[in-house]
């Protein structure tokens, strides 16, 4: 397959929508779309909502517009896992920010007690960053810059078709003849799971629980000027920057995402179940 002309290789364009940003804190898929092309011909497509068996974070819902009631009666991933695997049989995957999608798909197969397919994957985001200079490499921004017509909704199938159009532009500019050449331009295959070695960050138990259960936290926070404020936040992720640990969360006081240095949190209380 590596030395076949790209026009002869079956490509499946993949996109997922999720409850949040990372399976590390229990986020799951809520939608998957797969469109199979060979050359200019679409051979098949498959798309479905998925019941993630947990709530969708407010931030994610604002992006893709999928709410908890929308997925209540949708199949669970374990019920569609064999169908997804069949759609991926013998193909090369193409996605925009492929590590994100592959990480979620791999996690879903793991939870279904199945091995992830492990297909070779191409990432339009990696290729854009390496060879092009768009003001933003976000899929929608690149499509707009190229005059690519796209659906206005940020849903999986719409993004799949936009990704294919951007991929066609990349091929036209870079002119690789084979999959081997394109993988070389990309810098190698994209891994199926998040292989970044992370230093374990000890977290307050209230924060650990809030990240797992998607419950809000009440923070007593002191800013860099010494001013104290009390605010409800919805945790999204935890990250290290230099020597500090930050909580990235949706701040209900400011109605926007904010980063909070954990060493500046004086008190933390998780919302009650009731």
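The values are calculated or read from the model by the stated rules, or taken from the named source; none is laboratory data. None of these values were measured; they are calculated from a predicted model. Here the Cβ is made from the backbone with ideal geometry for all residues, glycine too, and neighbour counts use every protein chain on show.
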How about the stretch 205-262: which of its residues are closer than 16 Å to residue 26 by Cα, assigned to a loop (DSSP other than H, G, I, E, B) and in contact with a helix residue (DSSP H, G or I) (Cβ under 8 Å, 6 or more places away or on another chain)?
-> 215, 216
Quick check: anything in the stretch 29-39 part of a loop (DSSP other than H, G, I, E, B), out of contact with any helix residue (DSSP H, G or I) (no Cβ under 8 Å at 6 or more places or on another chain) and assigned by TED's automatic domain parsing to the domain that holds residue 106?
-> no
Pairs with Cβ under 9 Å, 6+ apart, first in the stretch 200-212 and surrounded by 10 or more Cβ atoms within 10 Å (Cβ to Cβ), second assigned to a loop (DSSP other than H, G, I, E, B) and at pLDDT 85 or above | 209/215; 210/216; 210/271
Subset of the stretch 67-92 that is outside any helix (DSSP H, G or I) and in contact with a helix residue (DSSP H, G or I) (Cβ under 8 Å, 6 or more places away or on another chain) - its residue that is nearest to residue 6 (Cα to Cα) | 92
When you scan the stretch 248-265, how many residues do you find that are buried (at least 17 other Cβ atoms within 10 Å of the Cβ) and closer than 14 Å to residue 215 by Cα?
-> 3
Which ones in the stretch 27-61 are surrounded by fewer than 19 Cβ atoms within 10 Å (Cβ to Cβ), more than 24 Å from residue 94 (Cβ to Cβ) and in contact (Cβ under 8 Å) with a residue 40 or more places away in the chain?
-> 54, 55, 58, 59
Residues that are more than 20 Å from residue 77 (Cβ to Cβ) and crowded, with 23+ Cβ neighbours inside 10 Å, drawn from the stretch 95-121 | 96
Considering the stretch 1-28 alone, what residues qualify as being within 22 Å of residue 237 (Cα to Cα) and in a helix (DSSP H, G or I)?
-> 23, 24, 25
List the number of the failed condition for residue 91; all other conditions in (1) farther than 26 Å from residue 173 by Cα; (2) touching a residue at least 60 places away in the same chain (Cβ under 8 Å); (3) over 17 Å from the mean Cα position of the chain (by Cα) hold.
-> (1)
